[in-house]
């Protein structure tokens, strides 16, 4: 009698697919975090919040980008 051997075929999973799934989940989590942060800051004075953030990040206030950003935030109602 021949031994009954059943061959199990191991299917290879797609590691790239898992990488894409993880990347998209992380990207979605970052956008949700930014949305929650923007919602919590919506009642605050945005110009004052920018100055606080610049102080914490130790960014020079004369920086052209941040000066333009402060001018833009000053007009937001």
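Observations
- Pairwise FRET efficiency - residue 26 versus residue 59, Cβ, R0 = 22 Å, nearest 0.05: 0.25
- Helix 46-57 and the long axis of the chain differ in direction by around 70°, with both axes built from C-alpha atoms.
- Which labelled figure in (1) 72; (2) 103; (3) 166 is volume of the Cα convex hull per residue in Å³, once derived from the coordinates: (3)
- Each helix, a run of at least 4 DSSP H residues, gives -39500 (n - 2.57); summed and divided by the residues of the chain, these come to -21500 deg cm²/dmol at 222 nm.
- Two-site FRET efficiency, residue 72 against residue 44, from Cβ-Cβ distance with R₀ of 22 Å, rounded to 0.05: 0.85
Values in this text are rule-based calculations from the coordinates and carry no lab data. This structure is a prediction, so every number in the text was calculated from the model and none was measured. Methodologically, a virtual Cβ is constructed for each residue, glycine included, from the backbone with ideal geometry; neighbour enumeration extends over all protein chains shown.
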